[in-house]
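Since the structure comes first, as structure tokens, the remarks are kept for the end.
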Amino acid sequence: MNEMVPRTAFAADTSHWPLTHPKVASGRIGVLLLNLGTPDGTDYWSMRRYLKQFLSDRRVIEVPQLIWWPILNLIILTKRPGPKGRDYATIWNNERNEGPLKTITRNQAEGLAARLGSDPRIIVDWAMRYANPSTESRIRALQEQGCERLLLVPLYPHYAAATTATACDEAFRALMKLRWQPAVRVAPAYHDDPAYIDALATSMEASLAKLEFEPEIILATFHGMPQKYLDKGDPYHCQCQKTSRLLRERLGIANERWRTTFQSRFGNDPWLQPYTDKTVEALAKQGTKRLALVAPGFSADCLETLEELDVENREIFMHNGGEKFAYLPALNDSPEGLRVIETIARRELQGWL
């Protein structure tokens, strides 16, 4: 009863196998930077495809589909692609024929690869949640290069279901299609990470030093979301408020010279308040003459910063009595910005290297 079965009893009969076996790359670690996305072009149909993919995401728009489908397909996707395409055209990288978010995210990936280059096992890549390069295509590319382990780094300092979660959802959908899945880690939000706060402060100090004026008020503006998302338990609002407080304290700026606001509202439902554009207008009407805006929640400059903040809100301020206005750039692929991404990546890679 206790007699051991000879090991050879389980040996496979390999006599019928081909003499060669397909080579399988292995032993590598992939680091995939994830960002929101940008349209493939500024023309009507490119914008329509992008907006449809973005606004069809159930994480982004939580309106019941029976109500949302006709609004999206019969109104929004008919009227908005043209104006939005013209907005994108004002910030488009014509040299590479792409949006600035794509240019910057590529540069961030290349910069991180250079900083992690001492370990040949690491491959750094980047992908977009919407449009191209798609998350699925880059995960497959990393696996083909032998990545058995994968670190996903959503480039969102603040967790939100409509950003971090949907980026991870897209990655997990891609992984579901793979027969041999890599081991996976997801870098957490870094809204209060000392490296992030220090990088923001250093970048802001350098930008403020270049101005020909001293702002009376500095406005820290974050992308907004419907108030009901906060009510359902999304931590985004609280994380933004903490970043704003830590940054103000790190810079040593008095509370009365600092505001925290939320931008980019869409639709008729109440969004997180106070609203950026309304605050800018009110400050100008109340006599503020010199104003600076900074957007700590954006890891890379894009339409919402370069056009909405630096153009639209500048016009609002100047048309209502303001005299001096500045938008302070995001961390982008600056040394400070790359240092933040490197710090996060190295921390999350511990135990794998």
Name the one entry in N107, N93, N97 that is assigned by TED's automatic domain parsing to the domain that holds L155, among the polar types (S, T, N, Q), buried (at least 17 other Cβ atoms within 10 Å of the Cβ) and over 21 Å from T166 (Cβ atoms). N107
Which helices (runs of 4 or more DSSP H) sit wholly inside the range 60-138 and have at least 3 residues that are on the phi < 0 side of the Ramachandran plot, in contact (Cβ under 8 Å) with a residue 40 or more places away in the chain and more than 19 Å from the chain's Cα centre (by Cα)? 81-89
State whether the residues of the range 152-163 include one that is out of contact with any Phe, Trp or Tyr (no Cβ under 9 Å at 6 or more places or on another chain), in contact (Cβ under 8 Å) with a residue 60 or more places away in the chain, over 26 Å from N332 (Cβ atoms) and assigned to a strand (DSSP E or B). no
3 or more residues touching a Ser or Thr at 6+ places or on another chain (Cβ under 9 Å) and either in contact (Cβ under 8 Å) with a residue 12 or more places away in the chain or charged (D, E, K, R) (or both): qualifying helices (runs of 4 or more DSSP H) within the range 183-296: 194-209, 236-251, 276-285
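Give the residues of the range 320-346 that are among the aliphatic types (A, V, I, L, M) and closer than 27 Å to D277 by Cα, sorted by residue number. Walk me through it before giving the result.
Quick first cut of the range 320-346, residues among the aliphatic types (A, V, I, L, M) only: 326, 328, 330-331, 338, 340-341, 344-345.
Those that are among the aliphatic types (A, V, I, L, M) and closer than 27 Å to D277 by Cα: A326, L328, A330, L331.
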Out of all the residues in the range 238-253, is one or more acidic (D, E), within 13 Å of L219 (Cα to Cα) and loosely packed, with under 14 Cβ neighbours inside 10 Å? no
Please determine whether any residue of the range 294-304 is over 19 Å from A189 (Cβ atoms), of a type in the set (S, T, N, Q), assigned by TED's automatic domain parsing to the domain that holds F262 and in contact with a helix residue (DSSP H, G or I) (Cβ under 8 Å, 6 or more places away or on another chain). no
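Which of the residues belonging to the range 59-87 are of a type in the set (K, R) and touching a helix residue (DSSP H, G or I) at 6+ places or on another chain (Cβ under 8 Å)?
Taking the range 59-87 and keeping what is of a type in the set (K, R), we get 59, 79-80, 84, 86.
The answer is R59, R80, K84.
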Just checking, does the range 103-113 include any residue being more than 16 Å from V31 (Cβ to Cβ) and modelled with pLDDT of 95 or more? yes
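The values are calculated or read from the model by the stated rules, or taken from the named source; none is laboratory data. Predicted model, so just to flag it, every value in this text is computed and none were measured. Cβ coordinates were reconstructed from backbone atoms using ideal geometry, including for glycine residues, and neighbour counts include every protein chain displayed.
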